[in-house]
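Visitor: Can you keep this structure in mind? I'll have questions shortly.
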Amino acid sequence: MDPLDLNSYKALFLKSSSGFLKEIKDNLSSNGNNKDLHRLFHNLKGQALFMNLGDTGQLCLTAEKIMEDFINGEIPLDATTKNQLSEIIVKIELSLKKYESINS
């Protein structure tokens, strides 16, 4: 069996990750459903790890854990927490731009 050529999935991954990030930012800015925000980070994490983007996956895992802690009542979703999430989102975007530029 031939090994999986991840480059053939690159454009699809970048398109779907862009959609996830837009939903994440919209949700965070509008104080939307926090379980949706957790799910979005979780799904983006899975796709990033499938594409062998460990750093991006780790960033998503960190954000997913923050949302999990909030949902479980362990931390507030206050300005400090939202700022942490926003910083993670910027790092995810930079990571994806770097990936997009590789072998383009």
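The values are calculated or read from the model by the stated rules, or taken from the named source; none is laboratory data. Remember, it's a predicted structure, so these values are computed and weren't measured experimentally. Note that each Cβ is placed from the backbone with ideal geometry, even for glycine, and that neighbours are counted across all protein chains shown.
Visitor: Which one is surrounded by the most Cβ atoms within 10 Å (Cβ to Cβ) among residues in the range 61-84 that are farther than 13 Å from PHE41 by Cβ and among the hydrophobic types (A, V, I, L, M, F, W, C)?
Guide: Applying the filter and picking the extreme gives LEU77.
Visitor: Within the range 4-49, take every residue that is farther than 18 Å from ASP69 by Cβ and basic (Lys, Arg) and give me the one that is farthest from the chain's Cα centre (by Cα).
Guide: Out of the qualifying residues, it is LYS10.
Visitor: Now, a different point. Taking the condition of being among the aliphatic types (A, V, I, L, M) and in contact with a Ser or Thr (Cβ under 9 Å, 6 or more places away or on another chain), how many residues in the range 68-84 meet it?
Guide: Selection size over the range 68-84: 1.
Visitor: Filtering the range 85-104 down to residues that are small (Gly, Ala, Ser) and closer than 24 Å to ASN7 by Cα, which residue is surrounded by the fewest Cβ atoms within 10 Å (Cβ to Cβ)?
Guide: So the residue we want is SER104.
Visitor: Being closer than 17 Å to GLU93 by Cβ and surrounded by 12 or more Cβ atoms within 10 Å (Cβ to Cβ) is the filter; apply it to the range 7-16 and report the residue that is modelled with the lowest pLDDT.
Guide: Filtering the range 7-16 for residues that are closer than 17 Å to GLU93 by Cβ and surrounded by 12 or more Cβ atoms within 10 Å (Cβ to Cβ), the one modelled with the lowest pLDDT comes out as LYS10.
Visitor: If you don't mind, another one. Looking at GLY46, GLY57, GLY19 in this structure, which one is surrounded by 15 or more Cβ atoms within 10 Å (Cβ to Cβ), of a type in the set (Gly, Ala, Ser) and under 30 Å from LEU6 (Cα atoms)?
Guide: So the residue among GLY46, GLY57, GLY19 that is surrounded by 15 or more Cβ atoms within 10 Å (Cβ to Cβ), of a type in the set (Gly, Ala, Ser) and under 30 Å from LEU6 (Cα atoms) is GLY57.
Visitor: If the Cβ limit is 7 Å and pairs must be 6+ apart or interchain, which residue in the range 44-69 that is over 14 Å from GLN84 (Cβ atoms) pairs with which residue that is of a type in the set (Val, Ile, Thr)?
Guide: ALA48/THR56; THR56/ILE92
Visitor: Report whether or not PHE41 is closer than 30 Å to ASP5 by Cα, in contact with a Cys (Cβ under 6 Å, 6 or more places away or on another chain) and either surrounded by 12 or more Cβ atoms within 10 Å (Cβ to Cβ) or hydroxyl-bearing (Ser, Thr, Tyr) (or both).
Guide: In short, yes.
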